[in-house]
Amino acid sequence: MIELDGLTKRYGEKPAVDGLTCTVRPGIVTGFLGPNGAGKSTTMRMILGLDHPTAGEVRIDGRRYDQLTDPLTYVGALLDAKAMHGGRSAYNHLLCLAQSNGIPRARVGEVLETVGLMAVARQKAKGFSYGMSQRLGIAAALLGDPRILMFDEPVNGLDPEGIHWIRNLMKSLAAQGRTVFVSSHLMSEMAQTADHLVVIGQGRLLADTSMAEFVRRHARSYVRIRSPQRERLLDALHEAGITVTEAADGALEAEGGKAEQVGELAAGHGIVLHELSPRQASLEEAFMRLTAGSVEYHAQSEAAPPDRGSDRRGRTA
Amino acid sequence: MTGAQAARTLRSEWTKIRSVSSTGWTLSVAAVVTIGIGMLISALTRNEYDSMPIQERLALDPTFVSFAGMTLGQLAMIVFGVLVVTSEYSTGMIRVSLAAVPRRGTFLFGKTAVAGALALVVGMVTSFATFFLGQAMLGPYRAGLGDPGVLRAVVGGGLYLTLIAVFSMGVATMLRSPLLSLGILMPFFFLISNILAAVESTTKVARFLPDQAGSRIMQAMPRADDVPYGPWGGLGIMTLWVIAALAGGYALLRHRDAQ
């Protein structure tokens, strides 16, 4: 379990993370969602004790990260796949991490097997593709068989097969009762893997909710209707107790109604329809509405260069 | 810092240092350059001996002559010390390393202890090899290990190279950037320190610079000058510089975000 309590990080005046309070629970995949520069990576670095919070604190199973004995056996993290010495072999990279936390040498071979890098274990990491580095980073995260796993944008730069593999890995880790905390700037990605969502924008908590609840609240389904006999149709829908909103182009949107029901209703009243289509607002739209006020760099604005508070690794949506 | 944690960090740092190629080439360049130049200068001294003025012949310190390569060889030791530390930062490995060893004092201790011990072994081997090969080149003018002050000077040469490497680690921990660290340390030890020592108005201050003070121990026959410290006193001054550099490195490492 990871507990954030009023976690704040300021660079100068500008807050990168602003009073973040939430709990990441075991047994499920918790998605950490926010636009680029929202403070996701900064938060994760603070969880690992790499960056010092300006205020607030993080507790891992009740303790501060630097109070953990052999922290890799509590928390395994992949923050940046390329964060390793390119001149060192995959095997030695994992071996030095294992030795620092008293993890048996045999475990290095096991995790290399798990991520499918056994064949290149003795090769220098600088020759690795991004996907291979990503797998090596995941091997490092799994090394201490930790109860908590944290991945920062793990699917970035991966091919479809790699994405599929990571999603299944995260789900199976959660199914084993582990805490899995994974960041992304893509709602669609979270919808595939996460059971719970923590959404932030400009360092502030915007939502802390189960995925099912988020879908129920935000993914509204409706029926889009166009008719030349608009007034009669409105009356008929109103009589049937169906809530209607008007779309910008003059079409009607019947909330929660079924297309069949609306069609039969219109036929019963002899109303001509020009369009009748069931629609679903996407989660991506819901996410964009939620974070609209907090997006730091709008596409149309002359964006200032991202400062230390944002994801600085050239990630683009 | 418990004993078990320290031992684990030492083992981990040893794996790190032996698994990158820069360790091998920096340390071998340090040894080859020091020994090679020492032998060359020793051979030249033997050839020139007969044409040297009498005062110079009397003041000839065969041990110190064979250490003539230290000035250049120490630069490779500086590169070794700088790369051991800055490769963590330039590769981003520091974030992985500090997630594994979050207590920053333990991390810095492990790294400098392992790299320092390796520098000590290479430094001692280099110093003794330089001495014996240099004396062989000096032929009839050679000194023996049993002569007064000689063993102290040869052991001191090994300690000097070690302290230069550890000093560089401390400075590199403060600066983090390999280019900045090398750009300051290399010209300082190769040029600036010597210039300061040679210029009359700064010479008294320059005596307290780490390399000027530390290299005093490599003279088997202490010179008749007004330097206010002896061989071990000089090495002590150099050690204080090393402690200051490490303390500065620790203070910054402890309070800075890891990047």
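For region B:3-255, taking Cα atoms only, what is the radius of gyration to one decimal and the Dmax to the nearest whole Å?
Computed over the Cα atoms of region B:3-255, radius of gyration and Dmax are 19.1, 64 Å.
Total Å² of accessible surface buried at the B-A contact, 1.4 Å probe, nearest 100?
Answer for the B-A pair: about 2600 Å² buried.
Anything over 27 Å Cα to Cα? Flag those among A:82/B:111; A:9/A:126; A:171/A:258; A:82/B:16; A:40/A:82; A:126/B:111, in the order listed.
A:9/A:126; A:171/A:258
Taking Cα atoms, how many degrees apart are the long axis of helix B:178-187 and the longest axis of chain B, rounded to 10 and kept between 0 and 90?
Value to nearest ten degrees: 20.
Between residue A:200 and residues 5 or more places away or on another chain, which pairs have amide H atoms under 5 Å apart, with H built 1.01 Å from N, and which residues are they?
Amide H to amide H, under 5 Å and 5 or more residues apart or across chains, residue A:200 pairs with A:33, A:34, A:206.
Three principal axis extents, largest first, for the C-alpha atoms of region B:41-90, in Å?
Answer, in whole Å and largest first: 54, 17, 13 Å.
At a 1.4 Å probe, which residues in region A:46-93 are at least 40 Å² less accessible with all protein chains present than in their chain isolated?
Residues meeting the cut-off: A:50, A:52, A:66, A:83, A:85, A:88, A:92.
Could you give each residue of region A:90-102 its phi-based ³J(HN,Hα) in whole Hz, using Karplus coefficients 6.51, -1.76, 1.60 with θ = phi - 60°, and x for Gly or Pro?
4, 4, 5, 4, 6, 5, 5, 5, 4, 5, 5, 10, x
Could you state the accessible area per residue of chain B in Å², with a 1.4 Å probe and every protein chain left in place?
Accessible surface, normalised per residue, equals 42 Å².
Of the candidates A:248, A:212, A:121, which one comes out as most mobile in a Gaussian network treatment of chain A with C-alpha springs shorter than 10 Å?
Most flexible of the set in this elastic network: A:248.
How many angstrom lie between the Cα centre of region B:184-259 and the Cα centre of region A:200-238?
The two parts, judged by their Cα centres, are 73 Å apart.
For peptide B:7-20, what's the mean number of Cβ atoms from other chains within 10 Å of each residue's Cβ?
5
Please compute the per residue accessible area over chain A with all protein chains in place, 1.4 Å probe, rounded to a whole number of Å².
44 Å²
In the calculated pair distance distribution of the protein assembly as shown, what percentage of Cα-Cα distances lie above 48 Å?
For the protein assembly as shown, the share of Cα pairs beyond 48 Å comes to 33 percent.
In region B:31-123, carbon and sulfur make up what percent of the accessible area (probe 1.4 Å)?
68 percent
Please list, in chain and number order, the residues 5+ apart from residue A:210 or on another chain whose amide H is under 5 Å from its amide H, with Hs placed from the backbone.
Under 5 Å from the amide H of residue A:210: A:197.
Calculate the tail of P(r) for region A:6-100: the fraction of all Cα-Cα distances greater than 17 Å, expressed in %.
In whole percent, the share of Cα-Cα pairs in region A:6-100 beyond 17 Å is 59.
Net charge within 11 Å of residue A:60 by Cβ-Cβ distance, Lys/Arg positive one each and Asp/Glu negative one each, not counting residue A:60 itself?
My count for the surroundings of residue A:60 gives 0.
Please determine, in degrees from 0 to 90 and to the nearest 10, the orientation of helix B:104-138 with respect to the longest principal axis defined by the Cα atoms of chain B, where the helix direction is its Cα long axis.
20 degrees
Skipping prolines and chain starts, which residues have an amide H placed within reach, meaning under 5 Å, of the one on residue A:149, given they are 5 or more residues away or on another chain?
A:76, A:179, A:180, A:181
Using only Cα atoms, locate the centre of region A:244-284 and the centre of region B:1-58, then give the distance between them in Å, rounded to an integer.
84 Å
In bins 5 Å wide, starting from 0, what share of all Cα pairs of region A:220-280 does each bin hold, as a percent?
4, 21, 38, 28, 8, 1
Please express the shape of region A:83-141 as an equivalent ellipsoid: the semi-axes are the square roots of 5 times the eigenvalues of the C-alpha gyration tensor, given largest first in whole angstrom.
So the equivalent ellipsoid measures 17, 12, 10 Å along its semi-axes.
Taking K and R as +1 and D and E as -1, what net charge do the other residues with C-beta under 11 Å from the C-beta of residue A:86 add up to?
With Lys, Arg at +1 and Asp, Glu at -1, the neighbours total +4.
Under the Kirkwood approximation for Rh and a Cα-based Rg, what ratio Rg/Rh is obtained for region A:2-216?
For region A:2-216, the value is 0.96.
Relative to the first principal axis of the alpha-carbon coordinates of chain B, what is the inclination of helix B:150-175, with its axis defined by its Cα atoms, in degrees from 0 to 90 and to the nearest 10?
Taking Cα atoms only, the helix is inclined about 30 degrees.
Based on the Cβ-Cβ distance from residue B:48 to residue B:113, what FRET efficiency comes out when R0 is 35 Å, to the nearest 0.05?
Plugging the Cβ-Cβ distance into 1/(1 + (r/R0)^6) gives 0.20.
Hey, in the GNM for chain B with a 10 angstrom Cα cutoff, which one of B:100, B:165, B:129 fluctuates hardest?
Result: B:100 has the largest fluctuation of those listed.
In whole percent, and with a 1.4 Å probe on the protein chains, what portion of the accessible area of chain A is carbon and sulfur?
51 percent
Could you give each residue of region A:281-290 its phi-based ³J(HN,Hα) in whole Hz, using Karplus coefficients 6.51, -1.76, 1.60 with θ = phi - 60°, and x for Gly or Pro?
Working through the residues one at a time gives 5, 7, 5, 4, 4, 4, 4, 5, 4, 4 Hz.
Which residues of region B:220-259 bury at least 40 Å² of accessible area once all protein chains are present, versus their chain alone (1.4 Å probe)?
Flagged in region B:220-259: B:257, B:259.
Is it possible to state the helix-based mean residue ellipticity at 222 nm for chain B, with each DSSP H run of 4+ residues giving -39500 (n - 2.57), the sum divided by total residues, to the nearest 500 deg cm²/dmol? What is it?
After summing the helix terms and dividing by the residues of chain B, the value is -25000 deg cm²/dmol.
The values are calculated or read from the model by the stated rules, or taken from the named source; none is laboratory data. None of the values given here were measured: they were computed from a predicted structure. FYI the Cβ positions are ideal-geometry reconstructions off the backbone, even for glycines, and counts take in every protein chain you see. Areas reflect the complete protein model, heavy atoms only, side chains present, ligands, DNA and RNA absent. Shrake-Rupley method; radii C 1.70, N 1.55, O 1.52, S 1.80 Å.
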